[in-house]
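Structure first, commentary second.
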Amino acid sequence: MAVGAEAIFGDSVITTKLDNAISWARESSMWPYIFGTACCAIEFMSVASSKYDISRFGAEVVRFSPRQADLMIVAGTISYKQGPILKRIYDQMSEPKWVISMGACACSGGFYDNYTTMQGIDAIIPVDVYVAGCPPRPEGILDALMKIQEIQKNESIIKDRTTKNFKGRLDA
């Protein structure tokens with residue numbers, strides 16, 4: 001015996017919590033911003049091609065304005081000179097925002113152990129998912145995308161992501 005809206009509308013109405021509906025919408029429509037500086041950016045291009053098809057995960061609308069993006073993918077070597085630029089672009093993104101560090105150079109400096117190359121972008125911005133490899137495989141990038149979707153699914157809209165206690169080198 002059905003009670004309430006189910007009794008009136010039958011199976012044509014789905015009831016859920018607002019939190020679940022917004023989480024589903026977020027995970028199904030990500031807008032990535034690509035900060036590509038080296039060969040990893042070429043690998044990301046293969047993920048967007050028809051063979052791997054990133055649009056199956058709702059992330060095909062690549063934005064080149066940080067104010068319209070909610071997922072930053074850092075692909076490639078980051079020098080100390082580029083660090084403040086990366087931080088400024090990250091700060092311009094609206095909340096909630098997520099970061100994927102893609103490739104050995106962005107994750108740990110790669111084989112560049114010198115005075116100009118940053119040894120991992122997690123020194124200046126918080127990273128949610130790391131993708132290993134030099135170059136990283138497209139399957140790894142898609143796996144990182146699914147991990148971000150899992151984070152979005154389990155995160156409440158009431159939770160304030162800005163309360164994270166991340167202090168990078170460039171934070172005052």
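Mind counting the residues in the range 55-80 that are among the aliphatic types (A, V, I, L, M) and at pLDDT below 80? Working first, answer last.
As a first pass, look at the range 55-80 and keep what is among the aliphatic types (A, V, I, L, M): 59, 61-62, 69, 71-75, 78.
From what's left, at pLDDT below 80: 59, 61.
Qualifying residue count for the region: 2.
If I filter the range 131-149 for residues that are loosely packed, with under 14 Cβ neighbours inside 10 Å, closer than 19 Å to P96 by Cβ and out of contact with any Cys (no Cβ under 6 Å at 6 or more places or on another chain), do I get at least one hit?
yes
Do you know which of the residues in the range 13-37 that are of a type in the set (D, E, K, R) and surrounded by fewer than 14 Cβ atoms within 10 Å (Cβ to Cβ) is farthest from V62 (Cα to Cα)?
Here is the first cut: in the range 13-37, the residues of a type in the set (D, E, K, R) are 17, 19, 26-27.
Subsequent filtering for residues that are surrounded by fewer than 14 Cβ atoms within 10 Å (Cβ to Cβ) retains 17, 19.
Numbers: K17: 29, D19: 25 Å.
Residue satisfying both the conditions and the ranking: K17.
Looking at I124 and the list (1) surrounded by 13 or more Cβ atoms within 10 Å (Cβ to Cβ); (2) closer than 27 Å to S28 by Cβ; (3) of a type in the set (A, V, I, L, M), which single condition is not satisfied?
Among (1) surrounded by 13 or more Cβ atoms within 10 Å (Cβ to Cβ); (2) closer than 27 Å to S28 by Cβ; (3) of a type in the set (A, V, I, L, M), I124 violates only (2).
Residues that are in contact (Cβ under 8 Å) with a residue 12 or more places away in the chain, among the polar types (S, T, N, Q) and under 30 Å from I158 (Cα atoms): which helices (runs of 4 or more DSSP H) entirely in the range 19-125 hold 1 or more of them? Step through it out loud before you land on a result.
Numbers: elements: 39-47, 83-92, 104-108.
In the range 19-125, the matching helices (runs of 4 or more DSSP H) lie at 83-92.
In this structure, is R63 in contact with a strand residue (DSSP E or B) (Cβ under 7 Å, 6 or more places away or on another chain), of a type in the set (K, R) and on the phi < 0 side of the Ramachandran plot? Quick ask: steps written out before the conclusion?
On the way: in contact with a strand residue (DSSP E or B) (Cβ under 7 Å, 6 or more places away or on another chain): yes; of a type in the set (K, R): yes; on the phi < 0 side of the Ramachandran plot: yes.
In short, yes.
The values are calculated or read from the model by the stated rules, or taken from the named source; none is laboratory data. None of the values given here were measured: they were computed from a predicted structure. Neighbour counts are summed over all protein chains in view; Cβ atoms, including those assigned to glycine, are modelled from backbone coordinates with ideal geometry.
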